[in-house]
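The values are calculated or read from the model by the stated rules, or taken from the named source; none is laboratory data. Small disclaimer: the values here were computed from a predicted structure and weren't measured. Every residue, glycine among them, receives a Cβ derived from its backbone with ideal geometry; neighbour counts consider all protein chains shown. When the accessible area is computed, the model is the full protein with side chains, heavy atoms only, and any ligands, DNA or RNA have been set aside. Shrake-Rupley method; radii C 1.70, N 1.55, O 1.52, S 1.80 Å.
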Amino acid sequence: MKKIIGKITLMGLILILGFSSCENPIEVEFPEVLIINQAPQVTPISSKTLKEISGPKTFDLSTNVNDQENDALSFVVNSSDPGVVEASINGSILTLRSVSIGTAVISVDVTDSNGNAVSTTIGVSVEEGVDLVYALEINFDVPDGGFTEQMQGAVEEVNDIYSEGSFISSGSALIGPSSGDWVGIELFTQELDISNQPRFEFSYANVNDATNVNIFFGAGEEFSITMADLGEDVVLGNPGFNTIVVEDLQAVFDDLDIEADLSAVFAIGFNTEASGNSFNVDDVRLGIKE
Ligand SMILES: [Ca+2]
Ligand SMILES: [Ca+2]
């Protein structure tokens, strides 16, 4: 513990007595006093729970730390198991990245500018599940009706909607049935950069033939692939919703020799031209915000 001998001179102490004021500051000199710079104090930091599939989560530790002298503080963090959760710190902002299901303890060392240190710990558990914020997320949870009319203005990122023979039905998009002509939906968005984490996810119901469901993308240019092209097992003929998760959309396009620019995504859609075909789509998610 560093000791500081200080002489405190209090200038400008003005005493006001009754109605009279003293125009000259009174200088009060205290005897020499011993001031010991105190270590920072921490209040317990609540334990954190992260989902296994999650973007990084940040927590500001400054709210839990106090230094009596308001000294500048430096933080060092360490994860007891980086295979479960990785920890890093920038200033007082702790960043946790889940890696796998399990528990770990984050040690936090806080040191003030006088070298006084205090330590605390944060319990972290990583549990099964997904907690991601997507660049585009559409759940179609609007009242039943014509697709364009009901979805207009419903998604912040969507600028323009084109649809034929498509409807909102019980919080999902119902496409078709087709009479042999194009029926579908196309949602044109503000430009989205999903090149870093091009995850694509959606739920579907009543798909009878995955080659008859076309997925439209605007990504640099406009093109379509079929649901079968996603390389996922598709549950056919099921009126209940199943979910497809494509962890790396770029890899799918590469396999199909499609030159997609995922840094310039501007549209997503679903359609069919197969006579009599109809299907439902719900919870469309594209990319992940950092
Ligand atoms: Ca201090
Ligand atoms: Ca929905």
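Just the number, please: percent antiparallel of the DSSP beta bridges in the chain, rounded to the nearest 5.
On the way: 85 of 91 bridges.
Around 95 percent antiparallel, to the nearest 5.
Expressed in nm to one decimal, what extension gain is obtained for the pair residue 46 and residue 34 from 0.36 nm per residue of sequence separation less their Cα-Cα distance? Intermediate values should be presented prior to the final figure.
Values: separation 12, 0.36 × 12 = 4.32 nm, distance 3.60 nm.
Fully extending the segment from residue 46 to residue 34 adds 0.7 nm.
Say each of residue 256 and residue 133 gets a label point 7 Å from the Cα, pointing the same way as Cα to Cβ; how far apart are those two points in nm?
3.0 nm
I want the local charge near residue 94. Using Cβ-Cβ distances under 13 Å, sum +1 for each Lys or Arg and -1 for each Asp or Glu among the other residues.
On the way: positive: 48, 57, 97; negative: 60, 86, 109.
With Lys, Arg at +1 and Asp, Glu at -1, the net is 0.
What stretch of the chain, leaving out the sites themselves, is the longest with no chymotrypsin sites (Phe, Trp or Tyr not before Pro) in a DSSP loop having at most 13 other Cβ atoms within 10 Å? Please list the in-between numbers first.
Numbers: sites that count: 19, 182.
Result for the longest clean stretch: 20-181.
Going 7 Å from the Cα of residue 121 in the Cα-to-Cβ direction, what parts of region 90-110 have a backbone nitrogen less than 16 Å from that spot?
Under 16 Å, as judged by backbone N against the label point of residue 121, lie 103-110 of region 90-110.
Report the gain in length on full extension from residue 113 to residue 80: 0.36 nm times residue separation, minus Cα-Cα distance, nm rounded to one decimal.
Working: separation 33, 0.36 × 33 = 11.88 nm, distance 2.63 nm.
Stretched out fully, the residue 113 to residue 80 stretch lengthens by 9.2 nm.
Semi-axes of the chain's equivalent ellipsoid from the Cα gyration tensor, sqrt of 5 times each eigenvalue, largest first, rounded to whole Å? Mind dumping the intermediate values first?
On the way: eigenvalues 735, 115, 50 Å².
Sorted largest first and rounded, they come to 61, 24, 16 Å.
Once neighbouring chains are kept in place and the probe is 1.4 Å, which whole percent of the accessible area of the chain is contributed by carbon and sulfur?
Details: 7220 of 15280 Å².
Here it works out to 47 percent.
In a shell of Cβ-Cβ distance under 11 Å around residue 248, excluding residue 248 itself, what net charge do Lys and Arg (+1) and Asp and Glu (-1) give?
Values: positive: 199; negative: 247, 254, 255.
It works out to a net charge of -2.
Keeping all protein chains in place, calculate the accessible area per residue for the chain (probe 1.4 angstrom), answer in Å².
On the way: 15280 Å² over 290 residues.
On a per-residue basis, the chain sits at 53 Å².
So what is the relative contact order for the chain, in percent, with contacts set as C-alpha pairs under 8 Å and at least six apart? Walk me through the numbers on the way to the answer.
Numbers: 726 pairs, mean separation 49.7, N = 290.
After rounding, I find 17 percent.
Points 7 angstrom from Cα along the Cβ direction at residue 27 and residue 169: gap in nanometres?
Inter-label distance under the simple model: 9.0 nm.
Using only DSSP helix segments of four residues or longer, with each worth -39500 (n - 2.57), what per-residue ellipticity at 222 nm results for the chain after dividing by its residue count and rounding to 500?
Rounded to the nearest 500, the figure is -1000 deg cm²/dmol.
Taking the Cβ of residue 126 as the center, what net charge do the other residues with Cβ under 12 Å away carry, scoring Lys and Arg +1 and Asp and Glu -1?
Working: positive: 48, 51, 57, 97; negative: 52, 81, 86, 127, 128, 131.
Value of the local net charge: -2.
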